[in-house]
Amino acid sequence: MTPVDLHPEDLFDALRVGSLSTVERGRLEAHCESCSACRFELQWLDSNIYAAEPTQEDREYGETAFDRVLRATRRAPDLPDTQTPKYWPLRWRVGGLALGTSLVLALFFGRELWSGSAHPVERDERAVSRAVVSEPAPPGPSRDPPAIDTVPVPSPLARPRVANRPSANALLAAARRAQIEDDSSRARRLYRSVIHEYPAAAAADAARVALGRLDYELADARSALLLFEDYLHRNRDGALAEEALYYRARSLERLGRKHEAQTALRTLLQSFPGSVYAAQARARLTDGHRE
Amino acid sequence: VHSSGLSQLPPRDERSPRDALVDAAVAGDPAAICALLRELAPEVARVARAVLGPHDMALDDTIQDALLSLMNALPSFRRDCSIRRYANRIAARTALLARSRSRAVSEREARFSLDDRPPPYIGDRHYLELRRKAFVHRIFDTLPEPQAAAIALRFLLGYSLEEISQAVDAPINTVRSRIRLAKEVMRAHLENEPELLDSLLGRR
């Protein structure tokens, strides 16, 4: 073992708590002259990259997580005795899923038999999409009775949860406001909340593309790419597909994946020849894909 | 050589309202648990963000998991350190688990945009900090779990050898050995990072 392998970790400990003497500092620096790893650590400590105290952003993250814990446990006074469904054993979750599916199917077929409808598939899709999105149905006249799973359940446990939880559209609007106010980190956090909490909602799709654009502009091309691909996987012909396709190609360019970027631009031109991005896509294809 | 930052239990008559809150929470008082969790949530978030990186998609879930773990671990709090340090350790452990659980290396690297040029409005100093963070996180990905955990606690959370030893439940010499091995890997990688090495030489 060479002297370089014997790292002065005790001196680093003393430096961390501010009790390093001048002589010890000299010893530490002498070691760092010949050891790049310790020099890196010294520089790391000097630059104080990670603050020892929570930042404002940490506080916001903490507050959000705390609210989620409260919601997950539903009744704050009984925190230690409750379990979030996230920790249910796998067999319970599978069993619950099977039971839920059976109930939905039973309700659906029972209703169809009772009403004698001629369009069961169409009505089922509407009911399921309402249930998944969890958003209130748009107002308007309808002769159909409301889907069974959208009827408000007068449960004392369910009410506060709905009341405390901001809707997907409210979160999306807040994210957009934060973005307009140049608060990128807050905007990112809110967009992520929409995606996490309402993954099947239309607002989550909008959030995927918006967050992708934001990441792209902040030079996080790989994260942007994942978000655009996630959107396109869910909405190949969605309203934001042109934008997602174009910026997916731009993200690929930034990552140095030129060939895939070219293919993506061609896909955009084939799928949306009249797109607002078509001219830029053609220009990038002919210009050698330069920024 | 160093003081570990561990706080001893003060005498009964010197106890602050904060200590009373901790006592009540440890004893299982729901309102005290709520108040304490709310107070410690930013620290938990800070640790999780440091270990996972600021933009990890699992960040929200990890902070939530850490808060739940802390809540469940409160009855085991032995007062051999401050409650904040206790929360810090639990958060670190949860975040390290989350980090090693299901994330591909490429996905983690993506959080730090190493392949991209920085936008023009990011200054040199900030860019260098981003590169240093990315470097440390990339080192984690190449190390075996025990070494990665030791380096994470050391670099990201500023733990002393003794604190790492307590946090990972390993003898202090084992921790020392893990850090030594990790630094060997770090040295090898630093040779491939001329920009970081240049900046180090330039500052010294």
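The values are calculated or read from the model by the stated rules, or taken from the named source; none is laboratory data. From a predicted model like this one, the values you see are computed outputs, not experimental measurements. Note: ideal-geometry Cβ built from the backbone for every residue, glycine included; neighbour counts use all protein chains shown. The area values use the complete protein model at the heavy-atom level, side chains included, leaving out ligands, DNA and RNA. Shrake-Rupley method; radii C 1.70, N 1.55, O 1.52, S 1.80 Å.
Which residues, if any, in segment A:5-24 have at least 20 Å² less accessible area in the whole protein complex than in the isolated chain, probe 1.4 Å?
A:5, A:7, A:9, A:10, A:13, A:16, A:17
Suppose R0 equals 41 Å; then what is the FRET efficiency for residue B:100 and residue A:271 from their Cβ-Cβ distance, rounded to the nearest 0.05?
0.55
For a quick check of your reading of the filter: which trypsin sites (Lys or Arg not before Pro) in segment A:219-259 sit in a DSSP loop and have no more than 14 other Cβ atoms within 10 Å?
Details: sites: A:222, A:234, A:236, A:248, A:250, A:254, A:257, A:258; in loops: A:236, A:257.
Of the trypsin sites (Lys or Arg not before Pro), the ones in loops of segment A:219-259 whose Cβ has at most 14 other Cβ atoms within 10 Å are A:236.
Write down the radius of gyration of segment B:157-196 and its Dmax, each obtained from C-alpha positions, in Å.
Radius of gyration, then largest Cα-Cα span, for segment B:157-196: 12.7, 37 Å.
Can you give the accessible area buried between chains B and A, summed over both chains, with a 1.4 Å probe, in Å² to the nearest 100?
On the way: alone 12060 and 19510 Å², together 25110 Å².
Result for this pair: about 6500 Å² buried.
Can you compute the modelled spin-label distance between residue A:286 and residue A:237, with each label point 7 Å from Cα toward Cβ, in nm?
It works out to 3.0 nm between the two label points.
How far apart, in nm, are the 7 Å Cα→Cβ label points at residue B:195 and residue B:72?
Result for the modelled spin labels: 4.2 nm.
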